[in-house]
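Remarks on the structure that follows.
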Amino acid sequence: MVNIWQDIQKRILVLDGAMGTMLQRYNFSEEDFRGERFKDYKSPLKGNNDLLSITQPEAIAEIHQKYFEAGADIVETNTFSATSIAMADYNMEELVYEINYESAKIAKQVAKEFAKQNPEKPRYVAGSIGPTNKTASLSPDVNRPEYRAITFEELRKSYKEQVEALIDGGVDVLLVETIFDTLNAKAALFAIEEVKEARNITIPIMVSGTITDASGRTLSGQTVEAFLTSISHIPLLSVGLNCALGADQLKPYLQRLSNQTEFYTSAHPNAGLPNAFGEYEQTPKEMKQLIEDYLQDGLINIIGGCCGTNPEHIKAIAEVAKKYKPRRIVIPA
């Protein structure tokens, strides 16, 4: 059986698109989010997309299916906000393990079905580990610059719970993504290494940072090069960039990353920049042309989409990715 380390050397792997964009199409109500099990729950639950892995599992499976049908090699679990820190907004901290475990199980089952249909094309599940809604490096209070809403230790514990559940659910890869604060990411990576050591296992790790604006820095102030230095002590499958920017705005930072790292590289940009209503208007055809620039320049090993992307975008990206060879790793001088 081919594993992802072997696969990534042969071809450009395609990651899926946005989960949130797809869930919006279902127009789920408060009652849909609650389902029968949580119909009398004490908190409003609409907007808790990760909970849908429990209350609307068929919809989550259907979204994974659509991305695989579009040509994705890797789908992400529906767990972007499934930490106790983020779930505290809904008073659902005690459900964190179950949400992650069920999300991983749903994605893995769909991946197995597609791999069975076409054994020549393995399908992988990446456990999505988001940044949480708190930052360890910055104060949320401008009048108290020394204040922090979260500690490294609190982050580590929360991430460890998520990682254990994702692994138990059967993910093939762990994806620490949309990193705006590298200290948060380091807590996630520390937790992953703890779990690996305790269980005596290896599992590929993808890391993806977010350049928040034209300054070319993460929210916590790091350049691409500083971000890379901060996380390169961990043996990673890939390092990359996602979210915040469209493919064209992301390209210069991706070039810098690609030139500096010995890891494989990934990118999943947004479908352009949002309009005044927060909507993403870039068409699959437009995004495909911009992504082709990445591929022509040999910048990429894993390519997908973030906010505003759907199976049509991924289909267009998968079609163009077939034409190009993956980026070759060149050890920097």
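The values are calculated or read from the model by the stated rules, or taken from the named source; none is laboratory data. Because the structure is a prediction, the values reported are computed rather than measured. All Cβ positions, glycine included, derive from the backbone under ideal geometry; neighbour counts span all protein chains shown.
Key figures
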item: Any pair with Cβ under 9 angstrom, 6 or more apart, that starts in region 7-24 at a residue that is over 30 Å from ARG328 (Cβ atoms) and surrounded by fewer than 21 Cβ atoms within 10 Å (Cβ to Cβ) and ends at one that is at pLDDT below 95 and of a type in the set (D, E, K, R); result: none
item: Residues (assigned to a loop (DSSP other than H, G, I, E, B), more than 22 Å from SER139 (Cα to Cα) and without any contact (Cβ under 8 Å) to a residue 60 or more places away in the chain) located in region 215-238; result: SER232, HIS233, ILE234, PRO235, LEU236
item: Evaluation of SER208 against (1) among the small types (Gly, Ala, Ser); (2) part of a strand (DSSP E or B); (3) free of Cβ contacts under 8 Å to residues at least 12 places away in the same chain (one fails), failing number; result: (3)
item: Test: SER84 is buried (at least 18 other Cβ atoms within 10 Å of the Cβ), of a type in the set (Ser, Thr, Tyr), farther than 30 Å from GLN117 by Cβ and modelled with pLDDT of 95 or more; result: yes
item: Selection status of LYS315, free of Cβ contacts under 8 Å to residues at least 40 places away in the same chain and basic (Lys, Arg); result: no
item: Where GLU62 falls short, out of the listed (1) part of a helix (DSSP H, G or I); (2) more than 29 Å from GLN282 (Cα to Cα); result: (2)
item: Subset of region 1-55 that is of a type in the set (Asp, Glu) and outside any loop (DSSP other than H, G, I, E, B) - its residue that is nearest to ALA316 (Cα to Cα); result: ASP7
item: Failed condition for ALA188, given (1) among the small types (Gly, Ala, Ser); (2) under 20 Å from TYR124 (Cβ atoms); (3) modelled with pLDDT under 95; result: (3)
item: Residue within region 116-135 that is part of a helix (DSSP H, G or I), over 21 Å from the mean Cα position of the chain (by Cα) and closer than 28 Å to GLY17 by Cα present; result: yes
item: Qualifying residue in region 280-297 (condition: of a type in the set (Lys, Arg) and surrounded by fewer than 18 Cβ atoms within 10 Å (Cβ to Cβ)); result: yes
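This table checks each residue for (1) hydrophobic (A, V, I, L, M, F, W, C); (2) part of a helix (DSSP H, G or I); (3) surrounded by fewer than 24 Cβ atoms within 10 Å (Cβ to Cβ).
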position	(1), (2), (3)
GLU153	no, yes, yes
ARG156	no, yes, yes
ASP168	no, yes, yes
LEU175	yes, no, no
LYS186	no, yes, yes
PHE190	yes, yes, yes
